[in-house]
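**Q** Please find one structure pasted underneath; my questions will follow.
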């Protein structure tokens, strides 16, 4: 069957499993720092079938919703496909969710069951399920220590698999009855603007993305690919690009242990493609430059900075390099860039960035040191990919050309509208909101941008995030925040000033820089205590002034606050995909930010 003709995601998987049978497919560590161990395609297919039959034995009916709460691991993929194979709909949930977050998803989706991995995750997820009127059963991947009596049936993962192996229902045959139009999963938005909404992804939306991505990224020479799964699989970007795209290609997936272990995982897995959000690349950039700036006199640091400078110059205008610079660049390719690539596993073909805007300077940095980075664009509501840069036509200030069979038009107010099979069917049980964003087949994205002369999509900002100052100027805060966080002193920033005469900012200092600063100045290593320190404020003010020189008059930051703590997932000021929840930050600091306009 031609790849573009697969009727659903399950038929795609089972055909690939039959083709690849005893080849390794999913790799995971059995414990921290142990070696990676594989599951073959055949083993994964057998477990998917067994779990699908077990779900049917638990009374799961076509169209039922099953919540999945787990860190990235082989059981995530097995559970996801088994739910679909049972005729049900997967409802992924973030591992960082609170009990109330889980309860909202369970109650909104009216889930019939829940699959959860560890004891820690079970504590919150099962507490929410216990309060639900719809959840009948739970399957626990890891051992469970029950602290209270639950009104739902609990089955261990291994027991469920064993139950399913006793049944003869032909899962692969039944899966062929699903169509591209059937709902595969309900993925809840990460909640940057308020209560998460359940996006109904049909099989065709994800298959559209897979075929389009394969066509666009074919220039990489897609063959024997290895993916390192790092982003949460509950996020639509990782779900499509980090799980189903490898299946589409017949590739292998390694599951990363954690952010702290990512460098080790890269060296051990030797990935060819890594999907991640801009925050990861920003963090990598900050750490690399911190190490370089710590000792600019060292030979390694000087060579790195020369490599960076020549690489940037070559990307911007290859003809601008002199003969001597071209020779230097050739030498540095072997001395520096090859070592950099080895640090990322040695086989990396590309970083692919999505989920939020990537600062072009970050993209230029990685490109200059020999790591290709391709920025794309999309939303949970679009499968999620709309566009992505190609290896041979990469424009770092854009999110690339559109995927095949995708339409985009720009509304009169600059809003990006998207049409095609990739567009969701709507929000689960929210017809009112669905009708607001889906009009005549066009998805109103809420993003502002334009198509350039080459057909590359350029994103300006979120429509709702655009600041309109009291003079009527439209200002894109994300660009200014990106410039601020490129500075070594600043880790996070949020710009504020809607309907105000000028902009102010909330600043979170970079903790590595702050550690060195407090040691030099004899200050306590406590951000909360330092938030109003005059010397620290002077240091940050000097940094902001450097940034202001690159900004227009209306974009400049006039005053600022130092936040007493970083924006994090735990304090609700960042989403699980590491985007700032502006409404939450504004609520927390509203009085202090407003007070900046009263100072003289």
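Values in this text are rule-based calculations from the coordinates and carry no lab data. This structure is a prediction, so every number in the text was calculated from the model and none was measured. Counting neighbours? That spans all protein chains shown, and the Cβs are built from the backbone with ideal geometry, glycine included.
**Q** Set the Förster radius R0 to 22 Å, insert the Cβ-Cβ distance between residue 565 and residue 537 as r into 1/(1 + (r/R0)^6), and round the FRET efficiency to 0.05.
**A** The formula returns an efficiency of 0.85 here.
**Q** Which of the peptides 38-51, 10-23 is most tightly packed, and how do the rest follow, going by the mean number of other Cβ atoms within 10 Å of each residue?
**A** 38-51, 10-23
**Q** Still on this structure, please answer the following. Roughly how many Å is it from the Cα centre of region 332-350 to that of region 572-600, as a whole number?
**A** So the two Cα centres are separated by 39 Å.
**Q** Residue 37 to residue 474: extension gain in nm, 0.36 nm per residue of separation minus the Cα-Cα distance?
**A** Working it through step by step, the gained length comes to 152.0 nm.
**Q** So, in nm, how far is label residue 549 from label residue 430 when the simple model puts each one 7 Å beyond its Cα toward the Cβ?
**A** 4.6
**Q** Also, quick follow-up: Suppose each label sits 7 Å from its Cα in the direction of the beta carbon; what would the residue 270-residue 134 distance come out to in nanometres?
**A** Spacing of the two 7 Å Cα→Cβ label points: 4.6 nm.
**Q** Roughly speaking, what is the stretch gain from residue 319 to residue 397, that is 0.36 nm per residue apart minus the C-alpha to C-alpha distance, in nm to one decimal?
**A** Length difference between fully extended and current span is 26.0 nm.
**Q** Further question on the same structure: For the chain, find the longest principal axis of its Cα atoms and tell me its angle to the long axis of helix 511-521, 0 to 90°, nearest 10.
**A** Tilt relative to the chain: about 40 degrees.
**Q** Another question, then. If you count, for each residue, the other Cβ atoms within 10 Å and average over each peptide, how do 162-168, 500-506, 118-124 line up from highest to lowest?
**A** 500-506, 118-124, 162-168
**Q** A follow-up question, please. Between residue 498 and residue 98, with labels modelled 7 Å along Cα→Cβ, what's the label distance in nm to one decimal, could you check?
**A** 2.3
**Q** If you wrap region 3-188's Cα atoms in a convex hull and average its projection over all directions, what's the area in nm²?
**A** 10.9
**Q** What's the center-to-center distance, using Cα atoms, between region 379-431 and region 84-112 in Å?
**A** Cα centroid of region 379-431 versus Cα centroid of region 84-112: 26 Å apart.
**Q** Going by alpha carbons, how many degrees (0 to 90, nearest 10) lie between the helix axis of 299-316 and the longest principal axis of the chain?
**A** With rounding to tens, the tilt is 80 degrees.
**Q** Using a Förster distance of 30 angstrom, determine the FRET efficiency expected from the C-beta separation of residue 23 and residue 283, and round it to 0.05.
**A** Here the calculated transfer efficiency is 0.35.
**Q** So, one more: Using Cα atoms only, what is the angle between the long axis of helix 582-595 and the major principal axis of the chain, expressed in degrees (0 to 90) to the nearest 10?
**A** Roughly 30 degrees, rounded to the nearest 10.
**Q** Tell me, how many Å apart are the Cα centres for region 10-50 and for region 292-310?
**A** A separation of 43 Å, based on Cα centres.
**Q** Computed FRET efficiency, Cβ-Cβ of residue 305 and residue 173, R0 56 Å: what is it to the nearest 0.05?
**A** So the FRET efficiency works out to roughly 0.40.
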